[in-house]
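Taking it in order: structure first as structure tokens, then the write-up.
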Amino acid sequence: MKGSAKGRYGLQFMVDLALRRGQGPILVDAVAERQGLPPKFLRVLLGSLKSAGLISVQRGPSGGCELSKHPSHISALEILEALEGRLGALDPDPGANSSARAVREVWTRSTEAARAVLKQTTLADLAARQQALEVDSQGYSI
């Protein structure tokens, strides 16, 4: 399963916000710089994340973005579906011959399994894992 840039960048953006939760609004440009992501692309994602109730956006000199909910109450699935729409099985042509049914069944099962993992994985889980990886690679915490 290959994720789109929207999904990957959106997850990275949200993990960054989770790691800085409680610090007030975070500038998109600061996240973009830390994560090595294009700021214009991140700004495009803000509307979808805000509409889904996952972030709040404040304009002005002390503006920025912050999570609308605790990271433990946001699943990776919620984030991806806010950005990309419902993640579902790629359905082969329903008019295809009967030999396609086996392929359709395995694809459906694999998609359901992926959805379950994404639903069970919270933003808090991702942030904690990111911190652990940074400690492992640098020998200290940021």
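Based on what the data block shows, is residue 37 buried (at least 20 other Cβ atoms within 10 Å of the Cβ), in contact (Cβ under 8 Å) with a residue 12 or more places away in the chain and of a type outside the set (Gly, Ala, Ser)?
Values: buried (at least 20 other Cβ atoms within 10 Å of the Cβ): yes; in contact (Cβ under 8 Å) with a residue 12 or more places away in the chain: yes; of a type outside the set (Gly, Ala, Ser): yes.
In short, yes.
For region 2-31, how many residues meet the condition of being under 15 Å from the mean Cα position of the chain (by Cα) and crowded, with 18+ Cβ neighbours inside 10 Å? Even if it seems obvious, please write down each step before you answer.
Of region 2-31, the ones under 15 Å from the mean Cα position of the chain (by Cα) are 2-19, 31.
Adding the requirement that they be crowded, with 18+ Cβ neighbours inside 10 Å leaves 7, 9-19, 31.
Residues that pass the stated criteria total 13.
Cβ-Cβ under 6 Å, sequence separation 6+ or interchain: first residue in region 111-126 and free of Cβ contacts under 8 Å to residues at least 60 places away in the same chain and exposed (fewer than 15 other Cβ atoms within 10 Å of the Cβ), partner assigned to a helix (DSSP H, G or I) and of a type in the set (S, T, N, Q). Which pairs?
No pair meets every condition.
Collect the residues in region 48-72 that are loosely packed, with under 15 Cβ neighbours inside 10 Å and modelled with pLDDT of 95 or more, keeping them in residue-number order. If you could, list the steps in order and put the result at the bottom.
Let us first name the residues in region 48-72 that are loosely packed, with under 15 Cβ neighbours inside 10 Å, namely 51, 53, 56, 58-63, 69-70, 72.
If the condition is that a residue be loosely packed, with under 15 Cβ neighbours inside 10 Å and modelled with pLDDT of 95 or more, then 51, 53, 56, 69, 70, 72 are the ones that fit.
The values are calculated or read from the model by the stated rules, or taken from the named source; none is laboratory data. Computed from a predicted model, the values in this text were never measured in an experiment. A quick note on method: Cβ atoms are made from the backbone with ideal geometry, for glycine too, and the neighbour counts reach across all protein chains shown.
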